[in-house]
Amino acid sequence: MRLLVWRLLLAIVSRGVSYWSKTRTGRRLAEVANNQTFLGDAAVVVVAMGDPEVSLRWYEKDTMIPLEHMVLAAAALGYGTCWIGAFDEDAIKRLLRIPAKMKIVALLPIGVPDEKPAARPREMSPEIFFREEWQPGLL
């Protein structure tokens, strides 16, 4: 986990990403995240937040970039992750004593996965690629 935190710190673009280790808080986080109980089973849960006062336009993206670096590092180390966007922001702020000005962008549980499902089949969709200007169906 220390390596993952180090990766996160290396990737931070601007202020506002916070790391929270699992304590009894994991289960309480699960409750305020639409009862997504697997949050309570994770080794750690990263609560990623940004400060709109630093950059109203970019705080979400500047928070998501290092978080995704952490997802990739975790996967390379054999850990499972899952972006969580369904949560009660005010309840999390109260639980973790996060200042009101901060905006929670995502939760990221990290841990050893219980299962390893096969990757979902994906098709190359020509409707989503275009060259130079909008022209669906390029491929």
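Table: residues versus (1) of a type in the set (G, A, S); (2) modelled with pLDDT under 85; (3) farther than 11 Å from L108 by Cβ.
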site	(1), (2), (3)
M1	no, yes, yes
W6	no, yes, yes
Y19	no, yes, no
Q36	no, no, yes
D41	no, no, yes
V45	no, no, no
M49	no, no, yes
E53	no, no, yes
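In the set (1) under 15 Å from the mean Cα position of the chain (by Cα); (2) farther than 20 Å from A86 by Cβ, the condition left unmet by E53 is number (1).
Looking across segment 79-109, the residues that are in a strand (DSSP E or B) and under 17 Å from E31 (Cβ atoms) come down to I84, I104, L107, P109. Summed over segment 32-78, residues that are without any contact (Cβ under 8 Å) to a residue 12 or more places away in the chain and assigned to a loop (DSSP other than H, G, I, E, B) total 4.
Residues being surrounded by 17 or more Cβ atoms within 10 Å (Cβ to Cβ) and not hydroxyl-bearing (S, T, Y): count how many of those fall in segment 70-95.
First, pick out the residues of segment 70-95 that are surrounded by 17 or more Cβ atoms within 10 Å (Cβ to Cβ): 70-71, 73-74, 79-81, 84, 87, 92-93.
Then drop every residue that is not not hydroxyl-bearing (S, T, Y), which leaves 70-71, 73-74, 80, 84, 87, 92-93.
Count: 9.
Here R27 clears all of (1) charged (D, E, K, R); (2) at pLDDT below 85; (3) part of a loop (DSSP other than H, G, I, E, B) except the condition numbered (3). Close Cβ contacts (under 6 Å, 6 or more residues apart or on different chains) running from residues in segment 110-139 that are more than 30 Å from G26 (Cβ to Cβ) to residues that are modelled with pLDDT under 75 and among the basic types (K, R) comprise L138/R131. If you go through segment 100-119 and keep only what is more than 27 Å from A76 (Cα to Cα) and out of contact with any strand residue (DSSP E or B) (no Cβ under 9 Å at 6 or more places or on another chain), you end up with A100, K101.
The values are calculated or read from the model by the stated rules, or taken from the named source; none is laboratory data. Keep in mind the model is a prediction, meaning the values are calculated, not measured. Heads up, the Cβs are rebuilt from the backbone with ideal geometry, glycines too, and the neighbour counts pull from every protein chain shown.
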